[in-house]
């Protein structure tokens, strides 16, 4: 690590991350906070189209829908097999601050999860803010997860349990849904949860938020933009799941990135799991950024990091069954 003018150590940044960040800086595009809502959503799609690894070819990619508290919730099923014996089903909640993501922004990632894990994946297209502020997204994620756990005929797959997983805002949803299904059980249990760079505690005022406020994919200004749109109630555990009960949490694979402004929020959650004696694997992507799951072509070393997550998931699932 090098020392800056203040004498403080500069954070480690891997070489392919430096190169990608330089490309983004040279593009000099507008900040999310300075865009309209439509422009912000389009820019998120464009970033993933430019930097994400190609989608895998799968035997099954099919759009579905399930009943929700405010109408049908769009879903997308991914599977390497046209027919499958009863198995765990992975339920995926996309990132994007509860504002800018959708099924398409995380399509390539979902194909990768299905390919690597050889399990069915169902992605949830929850209602987004600001049109539908907190807790609309969480209500949809919980309703969809309960529907999937019930092995409905439309799914054509019988779940022996579910695995909750998501990135960023989806990481928050992963924890919140898992807590809800731990308190009031679904038809099958949550076997494993996988929150990836999640917002678990309030990031405002954290050291990482200030240290990585600019220049590392996700910015402090973008977080404030998402926060204003989503309007979470900060003393509600459905917004800040660090406030929930951690004893009884199922096995967990928790992932953070060292250059992420919400890194410390994820670390806080890991500490809470440890304090509660929860069986978990903690992975921090050293020299990596927020959104590493969706930048695997732009930053090639991120593919190996994602495969580390899959290896940990397989390990934990082997011990849960």
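Each value in this text was obtained by applying a stated rule to the coordinates, not by laboratory testing. Everything numeric here is computed off the predicted structure, so don't read it as measured data. Neighbour counts are summed over all protein chains in view; Cβ atoms, including those assigned to glycine, are modelled from backbone coordinates with ideal geometry.
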Per the Debye formula with a single identical scatterer at each Cα and no solvent contribution, what log10 I(q)/I(0) holds for the stretch 57-189 at q = 0.13, 0.16, 0.20 Å⁻¹? -0.46, -0.71, -1.15
Which FRET efficiency, nearest 0.05, do residue 158 and residue 132 yield, Cβ-Cβ r, R0 45 Å? 0.90
For a quick size check, give me the Cα extents of the chain along its three principal axes, largest first, whole Å. 61, 41, 37
PRE reach from residue 10 (point 7 Å along Cα→Cβ): which of the stretch 268-310 fall under 20 Å by backbone N? 286-290
Taking Cα atoms only, helix 263-275 is inclined relative to the longest principal axis of the chain by an angle, in degrees rounded to 10, of 50 degrees
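Report, to two decimal places, the Cα Rg of the stretch 213-321 normalised by 2.2 N^0.38 Å (N = number of residues).
Rounded to two decimals, the normalised Rg is 1.18.
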Using Cα-Cα distances under 8 Å and only pairs 6 or more residues apart, what relative contact order does the stretch 180-256 have, in percent? 50 percent
Please work out the Cα center distance from the stretch 193-241 to the stretch 271-310, rounded to the nearest Å. 17 Å
Per the helix-only calculation at 222 nm, which mean residue ellipticity applies to the chain, given -39500 (n - 2.57) for every DSSP H run of n ≥ 4 and division by its residues, nearest 500 deg cm²/dmol? -11500 deg cm²/dmol
Using packing as a proxy for protection, rank 61-69, 200-208 so that the peptide with the highest average count of other Cβ atoms within 10 Å comes first. 200-208, 61-69
Place a point 7 Å from the Cα of residue 213 in the direction of its beta carbon; the residues of the stretch 252-290 whose amide N falls under 18 Å from it are 259-265
Between residue 237 and residue 308, how high is the FRET efficiency from 1/(1 + (r/R0)^6) when r is the Cβ-Cβ distance and R₀ = 30 Å? Nearest 0.05. 0.55
Measure nothing but the geometry: give the 0 to 90° angle between the long axis through the Cα atoms of 15-27 and the longest principal axis through the Cα atoms of the chain, rounded to 10°. 80 degrees
Expressed in angstrom, Rg and Dmax over the Cα atoms of the stretch 117-169 are 12.5, 36
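Eigenvalues of the Cα gyration tensor times 5, then square-rooted: what semi-axes does that give for the stretch 1-116, in whole angstrom, largest first? Intermediate results must be reported in sequence, preceding the final value.
Numbers: eigenvalues 247, 82, 39 Å².
Listed largest to smallest, the semi-axes of the stretch 1-116 are 35, 20, 14 Å.
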Return an integer: the convex hull volume of the alpha-carbon atoms of the stretch 180-277, in Å³ per residue. 109 Å³
Against the longest principal axis of the chain, how steep is helix 169-183, in degrees 0 to 90 to the nearest 10, with axes from Cα atoms? 40 degrees
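How much of the DSSP bridge set in the stretch 15-320 is antiparallel, in percent, rounded to the nearest 5?
30 percent
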Computed from the beta carbon distance with a Förster radius of 25 Å, FRET efficiency for residue 65 and residue 85 to the nearest 0.05 stands at 0.50
